[in-house]
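Accompanying notes for the structure given below.
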Amino acid sequence: MELKLPERINSILSRLEEGGFVAYAAGGAVRDMLMGREPHDYDIATSARPEDIKRIFKRTIDTGIAHGTVTVVENNIGYEVTTFRRDGEYFDGRHPSSVVFVDDIKEDCMRRDFTINAMMYSPKRGLVDFFGGRQDIEQGIIRCVGDGQKRFSEDALRMLRAVRFSATLNFEIEASTAAAIKKCSNLRRRISNERILSELNKLLISDNPDYIRKLHELGLLVHIIPKLDMCFGAEQRNKYHIYDVGEHIMHTLKNARPDLILRWAALLHDIGKPDTASVDSGGVIHFYGHHRVSRAIADDTLHKLRMDKESIRKILVLIENHDVRVDQAPPAVKRMMAKTGDELFSMLLELQLADNAAKNPEYFEDKKLRIEGVRRTFNEIVTSRQPYRISDLVVNGRDLIKLGYKQGRIISDILKALLNEVIIDPKLNTREYLLQRAKELRAYQKNGHF
Ligand code: ATP
Ligand code: MG
């Protein structure tokens, strides 16, 4: 078995070997190479102790000395080099209470989560695969190293990692591993929200964002985003829909481009539906105001998961407006653009397409035509740089004050009135015209029209 490691990794491995130590590329990088994928980082495992590693390499950083990890810096790039170790007892389901350095490479492989992640490789020593990781890669299987329940109670994050790898690699979770997740699903509370968010992000931008469904089936979702879990099985008895809320969301996700903001908005856009469902006398289900409830639940969920504020803001704008039927006429498009900004407006159209493509196909063609029309209008507005925001006006608040307006709300009211005219006719965005109009509006104001 020969794999091609980058020269810089080979050189780190040989220097450790020359120092009398055993050294391998380990974990995810070996998995990715065996799958013919480009690894995004290379971790190195070695029998050398941290003090040896620091002696052999000129520039190092003590990244996690207590856990045996030293970062070796070569040409300004850092490589994590970790001493073979065994994890001590886990008391909190998150961190081993101690780590013990070992010389036995097998012990280091045993502490790793899944067979596909528990291999090592070096050009000198070949492939090390104690648990059938290579075969599991060939068969597309995620399988725990050792007893699933024991491994998940040591570190509950591994359950989420299992589902995430199954999405990113398009693998199946092996039956006894899946059964162990079902038994351990309530251990979720031991996982920090930051680690959950990071796994969900990776799952959502993968080729299989609908594997969120697996989180539901394995009993994890109810502990992570309970309101989303409720969407599975929530009926939508009306002519526009052919799936329950959960399945509709899964299809919307698959239809959406792999962008985190867009995929999160797709995931949460209908999360308020179970809370807003009402049945009319004809037995038809409605979800009045669900966009607002979805927005509120999303806000709460994303804050709890510690997502950054700017991303949350964008996701909420998309959710809140996902059902707004924007007209193709330029003024209508500009008014919406003024609310969302042009980047988010463009994403809103993407979300609306993805959403509608996940509904009854009978109505899709019409909706698609409308959205494509809006997209054309939008492109025209952007390429010809037509004004649509207050800040696009060639006059500003100071100009109005010079005309005698008092500072305060009246200024923004007048600017809005001017913008309304300019939105309808962009040619009116000249200082001459707008200052003239502002003077006229001042006369109205005196007469009490503002
Ligand atoms: P990727 O970097 O593509 O997300 P990876 O497999 O490299 O996947 P990392 O989180 O970078 O994942 O971890 C590197 C290696 O460390 C893993 O391949 C695995 O062997 C081990 N590992 C990481 N996290 C855990 C964990 N929670 N429990 C056990 N072993 C783990
Ligand atoms: Mg990695």
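The values are calculated or read from the model by the stated rules, or taken from the named source; none is laboratory data. Small disclaimer: the values here were computed from a predicted structure and weren't measured. Using ideal geometry, Cβ is built from the backbone for each residue, glycine included, and neighbour counts are taken over all protein chains shown. When the accessible area is computed, the model is the full protein with side chains, heavy atoms only, and any ligands, DNA or RNA have been set aside. Shrake-Rupley method; radii C 1.70, N 1.55, O 1.52, S 1.80 Å.
Data overview
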read-out: Counting DSSP beta bridges with both ends in the range 63-183, the antiparallel % (nearest 5); value: 90
read-out: Amide proton proximity set for Tyr90, modelled H, under 5 Å, gap of 5+; value: Ser97
read-out: Helix 245-255 vs. the chain, principal-axis angle (Cα, 0 to 90°, nearest 10); value: 80
read-out: Convex hull per residue volume in Å³, alpha carbons only, for the chain; value: 209
read-out: Translational diffusion coefficient (Stokes-Einstein; Kirkwood radius from C-alpha pairs) of the range 201-261 at 20 °C, 1.002 mPa s, in µm²/s; value: 177
read-out: Glu74 long-range amide H proximity, modeled H, under 5 Å; value: Tyr79
read-out: Ala357/Asn186 FRET efficiency (R0 51 Å; Cβ-Cβ; nearest 0.05); value: 0.90
read-out: Table column - 3J(HN,Hα) (Hz), the range 379-386, Karplus curve with 6.51, -1.76, 1.60, x for Gly and Pro; value: 4, 4, 4, 6, 5, 8, 6, 6
read-out: Whole-Hz couplings from phi, Karplus 6.51/-1.76/1.60, listed for the range 33-40; x for Gly and Pro; value: 5, 5, 8, x, 9, 7, x, 8
read-out: 19 Å reach of a label modelled at Glu38, 7 Å along Cα-to-Cβ, counting backbone N of the range 193-209; value: 206-207
read-out: Accessible area expressed per residue, the range 81-142, with surrounding protein chains retained (probe 1.4 Å, Å²); value: 45
read-out: Distance between the range 353-398 and the range 108-163 - C-alpha centres, whole angstrom; value: 48
read-out: Placed amide H near Arg85: partners under 5 Å, 5+ positions off or other chain; value: Val102, Asp108
read-out: Sulfur and carbon atoms: percent of accessible area, the chain [1.4 Å]; value: 49
read-out: Per residue accessible area in Å² of the range 348-434, where ligands, DNA and RNA are left out and the probe is 1.4 Å; value: 56
read-out: On Cα atoms only, tilt of 330-340 relative to the major axis of the chain in degrees; value: 50
read-out: Heavy-atom surface of the range 193-284, accessible at 1.4 Å and reported per residue (Å²); value: 39
read-out: Nitroxide proxy distance, nm - points 7 Å out along Cα→Cβ at Ser311 and Ser98; value: 3.8
read-out: Ala332-Ser278 FRET efficiency (beta carbon distance; Förster radius 25 Å; 0.05 resolution); value: 0.25
read-out: Backbone N within the range 383-404 under 17 Å of label point (7 Å from Gln436 Cα along the Cβ vector); value: 394-395
read-out: Nearest 10 degrees, 0 to 90: helix 409-424 Cα axis against the chain principal axis; value: 90
